[in-house]
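Participant: Got a structure for you, written out below as structure tokens; questions coming shortly.
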Amino acid sequence: MSMERVREAADRIKRLEVQGATNVALTAMKALVEQMKASQVRDIDSALHEIAEAKEILFKSRETEPFMRNAIRYIEWGIARERWETTSQFHRLIHSLSEDLLNKFKEARDRIIEVGSKRVLDGSRVLTHCHSSAVSGILKVAKEKGVDFEVVLTETRPVYQGRITAREMLESGVRTTMIVDSAVRSFMTKVDLALVGADAITSEGNIINKIGTSLLALAAHEARTPFYVASELLKFDPQTIHGDYEAIEERSPEELWPQAPQELEIRNPAFDVTRRDYIHGIISEEGLISPHSIMEAVRRRYPWILEALGG
Ligand code: RI2
């Protein structure tokens, strides 16, 4: 099996044609499902072998994406747990597992938007960083509900995802101001709320998000500005329970400075870790929760995330 669909999706993810943890998870899952539907597996061993091959390719496309890993493990876990005997039963099972997962994604996102949009108050200014579909969803719905607020956003070097957020906000009719990343501290006293997305949540309740997020959280802490994270619990990384660190993706130096002097060392980590002590709350599908209660919330909502951990 060539894994053509999976390879093609992994390439698009790596090249940032697909961005944001949620889009990455959706794209990877859809590619895996398409690949499996085209495959002629007849027994559990060959099915698990193919999934292992797909995991190898997809997991390497971007390292800091537990949402993608959880989505794929859910499919793998279902295949190993459910009874199926023929190829057509296998195809039906794959279909229903992916539908289940899409429903879970949708329910989670709807709830996050419902909860988060109540935190955006009339006359307020919200600071955000990078592009998070969860944050954009919250802000768009707040606007639709008639809340009169403004957004201040960072350009988000080096690949300027702030421009994606800026366009979305302007299209929704939200007054929007862009600042350079290093202006965050100067603007922190002029905003009422800082709201960011997440790529990963650890067992300690720390969050991993676009590089610069932890500086934003520090500045928010100093200015006593509430700092919230909008994130599906599906981004929880179960390996952190076992003491593993979430890997931080390091991207190409070219993103910072194409044709830089050769002897210059350039470092380009894509994400950083924000300690739970700086997070007022995580806006999740289990409601607005404290980062301290992350394990309980994951156990309650997605026990399979803890069971399906198979490497
Ligand atoms: P949603 C993005 O990373 C940002 O860090 C953003 O906050 C996070 O994914 C979550 O995005 P990247 O994939 O899941 O652009 O809320 O590197 O869309």
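Participant: Select from the stretch 1-40 the residues that are assigned to a helix (DSSP H, G or I), of a type in the set (A, V, I, L, M, F, W, C) and over 15 Å from the mean Cα position of the chain (by Cα) and list them in ascending order.
Facilitator: Across the stretch 1-40, the qualifying residues are Val6, Ala9, Ala10, Ala31, Leu32, Val33, Met36.
Participant: Residue under question is Val135, and the condition is that it be within 10 Å of the ligand (Cβ to nearest atom) and modelled with pLDDT of 95 or more; does it hold?
Facilitator: So Val135 passes the test.
Participant: Quick one: Glu265 ticks every box in (1) closer than 19 Å to Ala21 by Cβ; (2) surrounded by fewer than 17 Cβ atoms within 10 Å (Cβ to Cβ); (3) not aliphatic (A, V, I, L, M) except a single one, so which number is it?
Facilitator: With respect to (1) closer than 19 Å to Ala21 by Cβ; (2) surrounded by fewer than 17 Cβ atoms within 10 Å (Cβ to Cβ); (3) not aliphatic (A, V, I, L, M), Glu265 is out only on (1).
Participant: Could you please find all residues in the stretch 211-228 being away from the ligand (no atom under 13 Å from the Cβ) and at positive phi?
Facilitator: Passing the criteria: only Arg224.
Participant: Just to be sure before I move on: is Glu285 at pLDDT 95 or above, within 16 Å of the ligand (Cβ to nearest atom), farther than 30 Å from Val191 by Cα and in contact with a Lys or Arg (Cβ under 8 Å, 6 or more places away or on another chain) in the structure I sent?
Facilitator: No: the conditions fail for Glu285.
Participant: Another one. Take the residues of the stretch 111-132 that are in contact (Cβ under 8 Å) with a residue 40 or more places away in the chain, under 15 Å from Ile282 (Cβ atoms) and aliphatic (A, V, I, L, M): which is farthest from the ligand (Cβ to nearest atom)?
Facilitator: Val115
Participant: Still on this structure: Tell me, please, whether a residue that is open to solvent by 40 Å² or more (accessible area, probe 1.4 Å) and part of a helix (DSSP H, G or I) can be found in the stretch 61-70.
Facilitator: Scanning the stretch 61-70, I find no residue that is open to solvent by 40 Å² or more (accessible area, probe 1.4 Å) and part of a helix (DSSP H, G or I), so the answer is no.
Participant: State all residues of the stretch 233-268 that are without any contact (Cβ under 8 Å) to a residue 12 or more places away in the chain and aliphatic (A, V, I, L, M); if no residue qualifies, say none.
Facilitator: Hits for the stretch 233-268 are Ala260, Leu264.
Participant: Inspect the stretch 3-11 for any residue being without any contact (Cβ under 8 Å) to a residue 40 or more places away in the chain, within 14 Å of the ligand (Cβ to nearest atom) and basic (Lys, Arg) and give the result as yes or no.
Facilitator: no
Participant: Show the residue pairs that are 6+ apart or on different chains and have beta-carbon atoms under 6 Å apart, the first residue being within the stretch 181-210 and on the phi > 0 side of the Ramachandran plot, the second being open to solvent by 60 Å² or more (accessible area, probe 1.4 Å).
Facilitator: Gly205/Arg276; Gly205/His292
Participant: Ok, one more. Give just the number: which of (1) in contact with a helix residue (DSSP H, G or I) (Cβ under 6 Å, 6 or more places away or on another chain); (2) in the same structural domain as Ser46 (by TED's automatic domain parsing); (3) touching a residue at least 60 places away in the same chain (Cβ under 8 Å); (4) open to solvent by 10 Å² or more (accessible area, probe 1.4 Å) does Phe105 not satisfy?
Facilitator: For Phe105, the failing item is (1).
Participant: Quick check on the stretch 12-45: of everything there that is free of Cβ contacts under 8 Å to residues at least 12 places away in the same chain and open to solvent by 30 Å² or more (accessible area, probe 1.4 Å), which residue is farthest from Lys210 (Cα to Cα)?
Facilitator: For the stretch 12-45, the residue satisfying everything is Asp43.
Participant: Please work out if Leu121 is outside any helix (DSSP H, G or I) and aliphatic (A, V, I, L, M).
Facilitator: Answer is yes for this residue.
The values are calculated or read from the model by the stated rules, or taken from the named source; none is laboratory data. Every value quoted in this text rests on a predicted model; they were computed, and no experiment measured them. With ideal geometry, Cβ positions are generated from the backbone for all residues, glycine too; neighbour counts draw on all protein chains shown. Only protein heavy atoms, including side chains, enter the accessible area calculation; ligands, DNA and RNA are left aside. Shrake-Rupley method; radii C 1.70, N 1.55, O 1.52, S 1.80 Å.
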